[in-house]
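K.L.:
One structure follows; several queries about it will come next.
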Amino acid sequence: MNTIDTTTRQFQDLADKFEITELVHRLGRALDEGDWDELAALYTADATARTPGGLATGRTALVTQASRNHSPDRRIQHVVNGILIDLTGDTAKIRANLLVVFAWGPAQDPTLGSQPRLTLGEVYRFDAIRTPDGWQFSSVASTPVWSVGARPTPSAA
């Protein structure tokens, strides 16, 4: 491979890694804000998700699963860092650390529910593929590492 080809490949790899990093951050934002249309658009039609909430296959099932644990009456903040991306052509394997904080209470009153009730440390592992619409996730797995607090019961939500 000559210098021009090597430089072109390096620039393409950087562009791909930037787009994939944005994809990961868009996932956190979609979950925080309950933007289910954006969440669905981040995934391929046949994507799978394996999380503490269970296994889901396909966009509709992924959104349904996510919406159960990310309801509008909870304030949620996903902080994703340590994103590592291994590219192989039009596929990528991604690992990232996730810190997610849940507070719940009436969403319309910013003075209520502002104290964290549950904080989780997890590891995300994604598979992504380049599609005509850009990079999309084909799978995600979330593995809990630690937690502080308790998951809400229906009466506490």
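K.L.:
For the range 121-153 and the range 29-59, what is the separation of their C-alpha centers, rounded to whole Å?
P.N.:
The distance from the Cα centre of the range 121-153 to that of the range 29-59 comes to 9 Å.
K.L.:
Under a crude label model (7 Å from the Cα following the beta-carbon direction), how far is Val148 from Thr88 in nanometres?
P.N.:
3.9 nm
K.L.:
Same structure, new question: Given a 1.4 Å probe and heavy atoms of the protein chains only, how would you sort Arg26, Arg125, largest accessible area at the top?
P.N.:
Arg125, Arg26
K.L.:
For Asp127 and Ala141, compute 0.36 nm times the residue count separating them, minus their Cα-Cα distance, and round to one decimal in nm.
P.N.:
Separation in residues times 0.36 nm, less the Cα-Cα distance, equals 4.1 nm.
K.L.:
Give me the distance in nm between label points sitting 7 Å out from Cα along the Cα-to-Cβ direction at Thr8 and Val79, one decimal.
P.N.:
About 4.3 nm separates the two model spin labels.
K.L.:
Specify, per residue and in Å³, the volume enclosed by the convex hull of the alpha carbon atoms belonging to the chain.
P.N.:
Cα-based convex hull of the chain, divided per residue, equals 116 Å³.
K.L.:
Now for a separate question. Calculate for the chain the 222 nm mean residue ellipticity that helices alone would give, adding -39,500 (n - 2.57) per DSSP H run of length 4 or more and normalising by residue count, nearest 500 deg cm²/dmol.
P.N.:
Using -39500 (n - 2.57) per qualifying helix, the result is -10000 deg cm²/dmol.
K.L.:
Pairing the Cα long axis of helix 3-33 with the longest principal axis of the chain, what angle in degrees results, from 0 to 90 and rounded to the nearest 10?
P.N.:
That works out to roughly 10 degrees.
K.L.:
Using 1/(1 + (r/R0)^6) with R0 = 25 angstrom and r between the beta carbons of Asp46 and Glu19, what's the FRET efficiency to the nearest 0.05?
P.N.:
For R0 = 25 Å, the calculated efficiency reads 0.75.
K.L.:
Could you give the accessible area per residue of the chain, probe 1.4 Å, as a whole number in Å²?
P.N.:
57 Å²
K.L.:
How much length, in nm to one decimal, is gained on full extension between Gln115 and Leu99, taken as 0.36 nm per residue of separation minus their Cα-Cα distance?
P.N.:
Full-extension gain reported as 4.2 nm.
K.L.:
For Leu87, tell me the accessible area in Å² from a 1.4 Å probe, rounded to the nearest 10.
P.N.:
50 Å²
The values are calculated or read from the model by the stated rules, or taken from the named source; none is laboratory data. If you're wondering where the values come from, they're calculated on a predicted model, not measured in any experiment. FYI the Cβ positions are ideal-geometry reconstructions off the backbone, even for glycines, and counts take in every protein chain you see. The accessibility values were calculated without ligands, DNA or RNA, using every heavy atom of the protein model including side chains. Shrake-Rupley method; radii C 1.70, N 1.55, O 1.52, S 1.80 Å.
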